[in-house]
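Down below is the structure, laid out as structure tokens.
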Amino acid sequence: MDAQRVSALIGRCEGQRYLRRWLPILALLVPTAMTAASLEEFGTEMSYFYVAPSAAKFVEFQQQANELEAELTATGSIGDLLVAVMAARIAEKHGWPLEESFFKDAAAAVLDEDTELGQFVRDDDYVNPTKLDIWWGSFFATGEAQYLEKLLRFAGEEMPKDDIFAMSVVGAATWSFRSNCAQHEAVLNFAIETSESDSVSDAKRAFLVETIEYARARADQR
């Protein structure tokens, strides 16, 4: 991925106004009509990378992503961005090298706070649905609760009125947090711990309790 493609990624991130119908790479947000089983399997595997990370798995992830370049860079997709973010977070956390790939330059840019892409990823004040995807990808790459804390700023908030952009952020954050709480034990444990904190608001606690009950009900149905 050359500088021109990195620049294009930034433009897509900053220009996004509504939640995209994205690839199921992280198996978390909006269902899509993607038909490639390998892509779905890749997404599922990567959403649990943080559970048992290894250098070998990281190499395999980069190789598989390279093989799926056409799907990940498809028009309207942010798959290439999220692969780059995940690769960057994994490399940063574990000190493992980035392999040669179509997304290596973008991953390097994510790690560099002096680049436009690096600044966008770090800017927690400008939040759109893409930023929510970035936080989920960062969590799935590292397992670090700081990304769940960022998401919880918006999940369960009262739905804004007369602001479609804000509605898309709150709606996506709420849906994805509830969904992933049912799928990931680490997210469920975070929700439980946070719900018991004295620092959380009554409204947020109510959302967390409801989400925990939903996750447990889903578990009982399996």
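Every number here is computed from the coordinates shown, using simple stated rules; none is lab data. Since the structure is predicted, the reported quantities are computational estimates derived from the model, not experimental observations. Counting neighbours? That spans all protein chains shown, and the Cβs are built from the backbone with ideal geometry, glycine included.
One table, with the values for the structure above:
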item	result
Along each principal axis, Cα extent of segment 114-210, largest first, Å	39, 36, 25
Cα gyration tensor category, rounded, prolate or oblate, for segment 33-184 with a/c compared to 1.5	prolate
Loop-resident sites, segment 111-174, for GluC sites (Glu not before Pro), counting at most 16 other Cβ within 10 Å (DSSP)	Glu113, Glu144, Glu158
In sequence order, calculated HN-Hα J values of segment 179-190 (Karplus, 6.51, -1.76, 1.60; Hz; x Gly/Pro)	4, 6, 5, 7, 9, 10, 4, 5, 6, 4, 5, 4
Backbone HN-Hα couplings from phi across segment 206-213 [Karplus 6.51/-1.76/1.60, Hz, Gly and Pro as x]	4, 4, 5, 4, 4, 5, 5, 4
Length gained when the stretch Arg122-Glu69 is fully extended (0.36 nm per residue, less Cα-Cα span)	16.6 nm
